Amino acid sequence: MGKTITFKRPDGKDVHGYLAEPANAAHAPAVVVIQEWWGLNDQIRGVAERLAHAGYRALVPDLYRGKSTVEAEEAHHLMSSLDFGDAASQDVRGALQYLKAGSKKVGVTGFCMGGALTVLTMTMCPEADAGVVWYGFPPLEFVDAGKIKAPMMAHWAEQDGAFSMDGVKALEEKLAAAGVAYTGHRYLAYHGFANELAQGPGRIAMTQYDAAWAQIAWDRSFAFFGRHLG
């Protein structure tokens with residue numbers, strides 16, 4: 001089981017986060033995990049635990065400062081109130097720096113809103129050694145692809161009602177033009193296909209969990225992190 005910790009942002013402010021570590025954490029590689037718009041909930045803690053079981057130290061920064069929700073309207077409000085540039089350059093960078101103190105290589109991954117923040121983090125945080133994006137990207141005018149120096153992988157849902165494939169194509173063209181070491185995978189799936197909560201009566205309409213595609217995407221992600229983080 002993981003634990004709640006406090007770490008410093010580059011500007012010196014404190015941030016809480018959820019840290020999950022493998023049994024032998026000394027010198028293990030690490031990954032910052034960025035939440036969906038729901039907040040730091042049990043599902044995203046489970047992602048950190050999954051990484052810990054695979055041998056990674058995993059830290060989820062609490063971007064909403066203790067708030068989380070299961071209601072889409074409130075989630076949209078929380079996400080809309082978040083300063084994405086500050087979250088990436090301060091909260092996530094602070095998490096990267098915290099992990100880097102004990103791990104030689106540190107990656108970053110995020111889902112939906114966290115996927116968008118992963119893209120921004122790759123442009124803003126030189127500490128990131130690799131990034132895996134799950135079905136999310138920021139407005140493309142904020143993506144300075146020339147600043148991305150680490151390899152990147154992304155998982156996109158072809159039937160995504162939140163992030164269009166046209167937007168994915170435009171992002172990928174930007175990455176290619178900047179010479180980013182990037183691999184993109186497309187899945188015949190809906191938004192949130194790797195979120196176990198996106199099934200049954202509680203899910204929101206545009207999302208749908210798909211266990212088979214999620215497993216393939218995770219296998220690819222672990223192979224990618226294994227190559228680039230050790």
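No value in this document is a laboratory result; all are computed from the given coordinates. The structure presented is a predicted model; accordingly, all values stated were derived computationally and were not measured. Ideal geometry is used to build each Cβ from the backbone, glycine not excepted, and the neighbour counts take in all protein chains shown.
Structural remarks
- Ranking of HIS27, HIS185 by count of other Cβ atoms within 10 Å, fewest first: HIS27, HIS185
- Under the simplified labelling scheme, the ALA72-ASP86 pair shows an inter-label distance of 2.8 nm, with each label point 7 Å from Cα along Cα→Cβ.
- Using C-alpha pairs below 8 Å separated by at least 6 residues, the relative contact order for segment 3-229 is 16 percent.
- Of the trypsin sites (Lys or Arg not before Pro) found in segment 156-189, none is in coil by DSSP with at most 15 other Cβ atoms within 10 Å of its Cβ.
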